[in-house]
Structure formats: structure tokens, C-alpha cells
């Protein structure tokens, strides 16, 4: 995945376009930015005719004839139907602006929702790959060192003989997905996760039968039946009956994003 730093190395003459304000329905929010050079772009502020106008202005500005700000109504006059309005700022990228972008990137990275994948088997690896391009901080936890290879470069990895013990260190509001090679280990991790009430999502790979088995085990281990209300098992839902790892991963990624968004709204 190309970063804005990589883009600027090959496109030194670049305009930074930032959304500085929005009213009504808009395709992206305030703070979103993109980069435009004479021949390439990085990122998006929403696409469509709105973005085309912004790109055209940025390239004119590189030729010293564009505007430094724009206020664009997102209506039929430009072939869009959002109905809102967006204000844009255009600046030529300098060393100071590059530092500003890097500070913003670091801040956003530090505040990304956390997702912990317990297990790096076929579905674990597929899910790590599906989550890699998303604005999430993904950690994969394994008991088997060899399984921590072939993961996306952005993914943090942890090797431990007792993954269930790490649940206590998971920050509030995180998502926990349990996909180990051992059902007994799955159950131990799930018990620790469900004992907490501050996680956004707790999911376990498996079936309806596995859910019933876990329910019985949890009762014997002193867990509360109401904890099961916080457990997504099976993960990925039932709308698409396809058990290929990549399909399960795509459906589970959608579940995780939804759960994180709901938790974030409740926390405000």
C-alpha cells in the first residue's frame, strides 16, 4: 500500500487538498485529505464530479492559476445528489506541511480502534489481510511461531504460550476475534473476553453446535448465561453460505466495523 510519503518521494510537486468544513450530506468528513500532482493522485475526498473539480483546481494551482479555497454545493449543478456542501483548502506541499501530515498520521494511528485476532490459521490470515487496509490497529496472537509468517506488514504479532492471559491487557472498546486451532483454547480465551463488559466485539469461529458446546462448558466453568449475548458465534453471519476463508474474513470484517462504530456512538 502506497503511503503519502512514498507518493511525495516520486511526486515532489504536489497540492494538498483538505476538507475544512461540511454542511448536510457529504461523501467525506472534515479533515479528509488527498494529494494531487500533475500526473497522479493519492487518496480521495469523495469521488465524482466534486473530486474532479478539486483535482482540476489543484493542477491549475500548480501552474499558478488556481484557487486556494473552494466552496462546492453537492447538488445537480455539478451532477451530484448528496445535497450538502463542502469547503476545501488547497496548499502546495512543503517540508512544514509534510511534518503536519506526519503528525496527523501518527495521531490517527494512536487512536485507531484495536482488533485482536487470536489465531493465525487460514481464516486468521485471511482476516488479517482483509483488515490491513482499514483504519484499524490489528494484532495477531499465536502459540505457534511458524504461523506468524505471511501476515500483512502493518499487522503487529505476539507469540505467547497463554493467549487467554492477554485478554486482561486488551484496551476497552477493542474487538476480539477467536480463531485458534484448539477448541479448548478458544473456550478459555472466550471466557476471559466475555467476563469483560467493555469490549466492542467478541467473536469466535465455529458453528451452532460449537456455540451450544461452549454454552454448556461456560456454565460448568462458572460463567454467566447472559455473557453469551455478547458473543458472536459463528462469526461472519449466515447471509452468505460460503466457508472459504476469504469469504468468512470479508463478512467478519464487516461485523467488526459495525460493532466498533456502534460502540463508538454509545461511548460519546
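The values are calculated or read from the model by the stated rules, or taken from the named source; none is laboratory data. Note that the structure is a prediction, hence the values are computed from the model and not measured. Neighbour counts are summed over all protein chains in view; Cβ atoms, including those assigned to glycine, are modelled from backbone coordinates with ideal geometry.
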Suppose the filter is assigned by TED's automatic domain parsing to the domain that holds residue 202 and buried (at least 20 other Cβ atoms within 10 Å of the Cβ); does residue 144 pass it? no
Any residue at all in the stretch 132-141 that is touching a strand residue (DSSP E or B) at 6+ places or on another chain (Cβ under 8 Å), assigned to a helix (DSSP H, G or I) and under 25 Å from residue 243 (Cα atoms)? no
Hey, could you check the stretch 1-26 for residues that are assigned to a loop (DSSP other than H, G, I, E, B) and over 18 Å from the mean Cα position of the chain (by Cα) and say which is nearest to residue 135 (Cα to Cα)? 26
Can you report the number of residues in the stretch 234-268 which are in contact (Cβ under 8 Å) with a residue 40 or more places away in the chain and assigned to a helix (DSSP H, G or I)? 16
Can you tell me which residue is modelled with the lowest pLDDT among those in the stretch 42-58 that are more than 21 Å from the chain's Cα centre (by Cα) and surrounded by 19 or more Cβ atoms within 10 Å (Cβ to Cβ)? 50
Residues satisfying the stated conditions in the stretch 234-268, i.e. touching a helix residue (DSSP H, G or I) at 6+ places or on another chain (Cβ under 9 Å) and either at pLDDT below 85 or exposed (fewer than 11 other Cβ atoms within 10 Å of the Cβ) (or both): 237, 239, 240, 242
